[in-house]
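The values are calculated or read from the model by the stated rules, or taken from the named source; none is laboratory data. Please read all numbers here as calculations on a predicted model, not as lab measurements. Because the Cβ atoms are built from the backbone with ideal geometry, glycine has one as well, and the counts that use them run over all protein chains shown.
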Amino acid sequence: MAAKPIASPIPGPDAFTVRSRDAWLSQAAIVLSIGAAAGGEADRVDDPAAVGLPTDLADLGRRDPIPLEEAAEPLGADVAGRLADRSLRLPPSTGAELMARVVDQPEPVIAAALVEANLHSESRLVRTSAAVAALDTTGPRDDLMAQLVEGATRGDALTREIGRISVARVDPQHPVLRAVVGRPSRLTGTDRPSHTAVLTHGTFAALTRWWQPGGDFYLYLDALVPPLKLHDPSFRWTGLYSDGARQLAAQQMADWVIDQDLQQPDVFAHSHGGTVANLATRRGMGIDRLVLLSWPVHGEWFPDFAKVRRVIDVRVNLDLVILADRGGQTFTPPAEHAHQVTSHVHGWFDHSDTHEPAYWDRHDLPAVL
């Protein structure tokens, strides 16, 4: 499998004048950051200046949703009357002009107009991200859900992740999510020798391959020197997007580790799989090295640090999926446990980069284990 191209941000209006993957990723980060600010969670955006947004995003938020007619007004009457047409595509100059206005005079209405304009981008990634943001700028509406469902089913891997997370925020039981839910690992008992490292996946990723025996990241870790003695099987949970699903999976993980006769294993956990592992420590599961890959930070889901020897936090800057999920992007443990946590932040935007072998090699991450 060819390595993905390395992404880098394009800041400010320039992000809207270039037609490239970096430009679309930057546009997605801009609108998702605006959505976080509109939703009252500007502090969840770790580096807005990297994409040319004001450092203090709180000015882009407003207590109540902005009426669509008000958000559309800065686009001009000729455009505002056509926004209901999902096939409408707006020229890059529209986004560039609105972004320049957001930078010069940060106002919620101009930011909301920029989101509306990006609902008509040529990029499905950007359209999907704008639909997420519009949930908070103007409030939920039918056209936004249609856009999210399209992204969840027809986009590339990153777009599908953003779409699925956001559909689940609105309607956790939506039919489009049923096809990506897995069955949890069975308790089978084992007479094999105890192993030392376990992989698990994140939300709506139970049916993906990278974390399972034979998957690319499993094989990569299994080949490291010194060996991790990776356990076979890996741990599967449903991948459902809810606190209840993650709490249940945490108990299932704690029970499964006992069933598999694992003694304080290393755990590599992606996204909300990290939440599951953290919560499992609160149920008595001991972990040697807990490697959190793109974990959405929430204080209520911190691990029991008494049950973990060391936490290795691996993430990218301005992770688009975490922005859509409204998670934090900086892991700051309580002061008394700061010595147990090291964070390694490399690259930009792509939530899945942290389980890519090329990413690990590029940033020499095996050396930090």
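Among the residues of the range 183-195, not a single one is in contact with a Leu (Cβ under 7 Å, 6 or more places away or on another chain), at negative phi and basic (Lys, Arg).
The test for being of a type in the set (D, E, K, R) and surrounded by fewer than 21 Cβ atoms within 10 Å (Cβ to Cβ) holds for GLU97. Residues that are among the hydroxyl-bearing types (Ser, Thr, Tyr) and under 21 Å from PRO296 (Cα atoms) within the range 194-221 comprise THR200, THR203, THR208, listed in sequence order.
Criterion first (surrounded by fewer than 17 Cβ atoms within 10 Å (Cβ to Cβ), touching a helix residue (DSSP H, G or I) at 6+ places or on another chain (Cβ under 8 Å), outside the structural domain of TRP348 (by TED's automatic domain parsing) and outside any loop (DSSP other than H, G, I, E, B)) does ARG169 satisfy it? Steps first, answer last, please.
Working: surrounded by fewer than 17 Cβ atoms within 10 Å (Cβ to Cβ): yes; touching a helix residue (DSSP H, G or I) at 6+ places or on another chain (Cβ under 8 Å): yes; outside the structural domain of TRP348 (by TED's automatic domain parsing): yes; outside any loop (DSSP other than H, G, I, E, B): yes.
Yes.
Restricting to the range 178-223, name every residue that is polar (S, T, N, Q) and either modelled with pLDDT under 95 or in a loop (DSSP other than H, G, I, E, B) (or both). Correct list: SER185, THR188, THR190, SER194, THR196, THR203, THR208, GLN212.
Report those helices (runs of 4 or more DSSP H) wholly inside the range 270-369 carrying at least 2 residues which are surrounded by 24 or more Cβ atoms within 10 Å (Cβ to Cβ) and not assigned by TED's automatic domain parsing to the domain that holds ALA42. Before you say what the answer is, go through the steps one by one.
Working: elements: 272-281, 320-325, 357-362.
Correct list: 272-281, 320-325.
MET1 satisfies every condition listed in (1) at pLDDT 90 or above; (2) of a type outside the set (D, E, K, R); (3) surrounded by fewer than 19 Cβ atoms within 10 Å (Cβ to Cβ) except (1).
Every condition in (1) over 13 Å from the mean Cα position of the chain (by Cα); (2) over 22 Å from GLN264 (Cα atoms) holds for PRO333 except the one numbered (2). Contact annotation: residue pairs with Cβ atoms under 7 Å, 6 or more positions apart or on different chains, pairing a residue in the range 115-129 that is within 15 Å of LEU98 (Cα to Cα) with a partner that is modelled with pLDDT under 95 and hydrophobic (A, V, I, L, M, F, W, C), are GLU116/ALA71; GLU116/ALA72; GLU116/LEU75; GLU116/LEU83; ALA117/LEU75; ALA117/LEU90; HIS120/LEU88; HIS120/LEU90. I'd like to know if the range 246-261 contains one or more residues that are crowded, with 17+ Cβ neighbours inside 10 Å, assigned to a strand (DSSP E or B) and at pLDDT 95 or above. No, every residue in the range 246-261 fails to be crowded, with 17+ Cβ neighbours inside 10 Å, assigned to a strand (DSSP E or B) and at pLDDT 95 or above.
Scanning the range 15-36 for residues that are closer than 18 Å to ALA100 by Cβ and either at pLDDT 95 or above or aromatic (Phe, Trp, Tyr) (or both) turns up ALA15, PHE16, ALA23, SER26, GLN27, ALA29, ILE30, VAL31, SER33, ILE34.
Regarding HIS355, is this residue under 30 Å from ASP136 (Cβ atoms) and touching a residue at least 60 places away in the same chain (Cβ under 8 Å)? Answer is yes for this residue.
Within the option set ASP136, ASP142, being within 20 Å of ILE66 (Cα to Cα), without any contact (Cβ under 8 Å) to a residue 24 or more places away in the chain and outside the structural domain of LEU323 (by TED's automatic domain parsing) holds for one residue only, ASP142. Evaluation of ASP22 against the conditions (1) within 30 Å of LEU219 (Cβ to Cβ); (2) outside any helix (DSSP H, G or I); (3) among the charged types (D, E, K, R) shows that the sole unmet condition is (2).
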